[in-house]
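A short worksheet on the structure shown next.
The values are calculated or read from the model by the stated rules, or taken from the named source; none is laboratory data. In this text, all values refer to a predicted model and were calculated from it rather than measured experimentally. Here Cβ is always computed from backbone atoms with ideal geometry, including for glycine, and neighbour counts include all displayed protein chains. Only protein heavy atoms, including side chains, enter the accessible area calculation; ligands, DNA and RNA are left aside. Shrake-Rupley method; radii C 1.70, N 1.55, O 1.52, S 1.80 Å.
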Amino acid sequence: MKEHKVIVYTTPICSWCHKTIEFLKQHNIKFKDVDVSKDYNAAMEMIRKSGQQGVPVIEIDGNIIVGFDELELRKLLK
């Protein structure tokens, strides 16, 4: 099984972020959780990559998903 490089840009109060993390854990996907509320540079990186200020922003092998999109997550993680 291919190991993916997954980064999830989150904030602690974001329910969709929690849903995304729960989904990844359920499917045993390793990921890096980056709290953009505590890391200004990471927030700027997220905005640069996605063009968005909202979270979650998920990066999978260089592909960007804005928001929790289970179908797109499944597609990129196959």
Please list, in order, the residues from the stretch 6-42 whose amide nitrogen is less than 18 Å from a point placed 7 Å along the Cα→Cβ vector of D69.
6-10, 16-21, 23-24
Helix-only CD estimate at 222 nm, as mean residue ellipticity for the chain, using -39500 (n - 2.57) per DSSP H run (n ≥ 4):
-12000 deg cm²/dmol
K49 paired with K2, simple spin-label distance in nm, labels 7 Å along Cα-to-beta-carbon
1.7 nm
Return, for the Cα atoms of the chain, the radius of gyration and Dmax in Å, separated by a comma.
11.5, 34
Considering only protein heavy atoms and a probe of 1.4 Å, how much of the accessible area of the chain is carbon and sulfur, as a whole percent?
51 percent
Beyond 21 Å (Cα-Cα) in this structure, taken from K2/K38; K2/K32; K25/K49, we find K2/K38; K25/K49
For K78 and K32, extending 7 Å from Cα along the Cα-Cβ vector and measuring point to point gives, in nm, a value of 2.7 nm
